[in-house]
Structures are given as structure tokens and as C-alpha cells.
Amino acid sequence: MHDVIEWIKQSDIDFGDVAAWAAFALSLLTLVSTGVWQRKNSKIAERSAKATEIAAEAAVRSANAAEKTAALAQLPEIQAAELSAAPKRRLTVQQDVRWKIEHVQGARYLLRNEGTQTATGVTADDVPFQGLARQLPRDAAVRAGESLEFLLIQVAQVDTPHELWLTWDGQDEPMAVPIAVAVSW
């Protein structure tokens, strides 16, 4: 150690320069480590956002299943027994179910049952939307006067369908429901 100190004293090293270089090296190390941590945190945030989206969709499915269960509990006992005896067969009960789609704001829309009966097993065909629709009903129950919210993302390069095709218990043939035009100013 003594030799190193003697060597430094004999050389013409300006210690101000050494301190500047040490500070530069430390700041460079800090910059690199910050970039590494930022990249890791970015990946964690992306995974968290994806998990949140999956959880939200699961919550919607769970709520729809609960609505369907509640609607089925309202059916007369004979129809409920018939349904539980043959779960794959759809009920052929004559129902008064009418649909209307209302634009709420931005990408938000409401699918409203304007009829007088509860519709169960409500399912929308998502194929025409090419992945631009979210939270479309899948085996949902919608009481008379109630609505379900869904999202329809509009992209300039993709023609958005002008109707939503629905089926429900008692309506096996898909039925077109016009989509209200979103007015933008």
C-alpha cells in the first residue's frame, strides 16, 4: 500500500480528475442499473394489466352466471325440473324478448332487453368483430328492462358490423340487433 501512495505522489495525477472520473463511472453504473430495473418493472406492469383484464372478464362471466341462475329460479317448478333433467336441451317457452343496443359513450354500449320476459342463455357472435368487441354476453341472463354493457372498439382500417347477432334460450336461430351509430363531433 505504501508503494502505491509513493507512486501516486511521484506521478503528476490531478486528484480532481480522479474524482470526476469516479463520479462519471458511478453515474454510468446508476444509469445502466436504472434501465435494467425499468425494463423489469415494465414487464411486470404488462403482466399485471393482462391479469387484471382476465380477472375482469372472469368477474363478468361470474355475474352473468349468477343472473342466469337467478332467472332460472324464477321459472315454474315444472320447467325447472324439465331443464335439470335435460340440461343440453333448450327450453321452447314462448317468450317476449326484444333487444335494443344503445351507445353510451366512447366504446361503451348497452344491450337492453326491452321485452317483458327474462332472456337466459344470451350469447353474442363475436366473429364479425375480429377481436374488436369485449365483454360480449356469453350464456348470460338478462331480465326484462335490464341491460348488459359491452365494449366495441372502432378502428378506421376495419369496417365495424352494423348489427350484433344474438341467440338465447328459445331462440336458436341467430337474430340481428342493429347497433346504434356512435356520433363523434
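No lab work stands behind these numbers, since they all come straight from the coordinates. Because the structure is predicted, anything quoted here is derived from the model rather than measured. Note: ideal-geometry Cβ built from the backbone for every residue, glycine included; neighbour counts use all protein chains shown.
Summary of values
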quantity	calculated
Amide H partners (placed H, <5 Å) of residue 99, local residues excluded	114
Long-range HN-HN contacts of residue 163 with modeled amide H, under 5 Å	179
Neighbour-count ranking [beta-carbon atoms within 10 angstrom, fewest first] of 60, 4	4, 60
Residues in the range 142-162 that a label on residue 132 would reach, taking backbone N under 17 Å of a point 7 Å out along Cα→Cβ	150-162
